[in-house]
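**Q** Structure provided below as structure tokens; questions to follow.
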Amino acid sequence: MEGDVATCRQVQERVKSSAGFVPKTCWIAHVKSDHGLVGREAFNRADSNVRQHPYPPEKRGAIEDVLRHFGMI
């Protein structure tokens, strides 16, 4: 599946199997936005400049590894 765009669920499953935790979808979106992959903004987001649940820095690497595996970054 390398090179294909993955869904959040696929990213979550891959992170769980490789790193042992399930990342929140907002963590995945945050990592993607740090790499310039900005999707749409959530309709219920209170402030577009503030993240309610930023990714924990120690989890970023595992999420990035999976995004690289799928060719998304």
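**Q** For the range 31-70, which residues satisfy the criterion of being among the hydrophobic types (A, V, I, L, M, F, W, C) and in a helix (DSSP H, G or I)?
**A** We begin by selecting, within the range 31-70, every residue among the hydrophobic types (A, V, I, L, M, F, W, C); these are 31, 37-38, 42-43, 46, 50, 62-63, 66-67, 70.
Those that are among the hydrophobic types (A, V, I, L, M, F, W, C) and in a helix (DSSP H, G or I): Val31, Ala62, Ile63, Val66, Leu67.
**Q** Anything in the range 21-69 that is more than 12 Å from the chain's Cα centre (by Cα) and closer than 17 Å to Gln10 by Cβ? List them, or say none.
**A** Matches in the range 21-69: Phe21, His69.
**Q** What number of residues within the range 1-59 satisfy the criterion of being on the phi > 0 side of the Ramachandran plot and at pLDDT 80 or above?
**A** Looking only at that region, the number is 2.
The values are calculated or read from the model by the stated rules, or taken from the named source; none is laboratory data. None of the values given here were measured: they were computed from a predicted structure. All Cβ positions, even for glycine, are placed from backbone atoms using ideal geometry, and neighbour counts span all protein chains on display.
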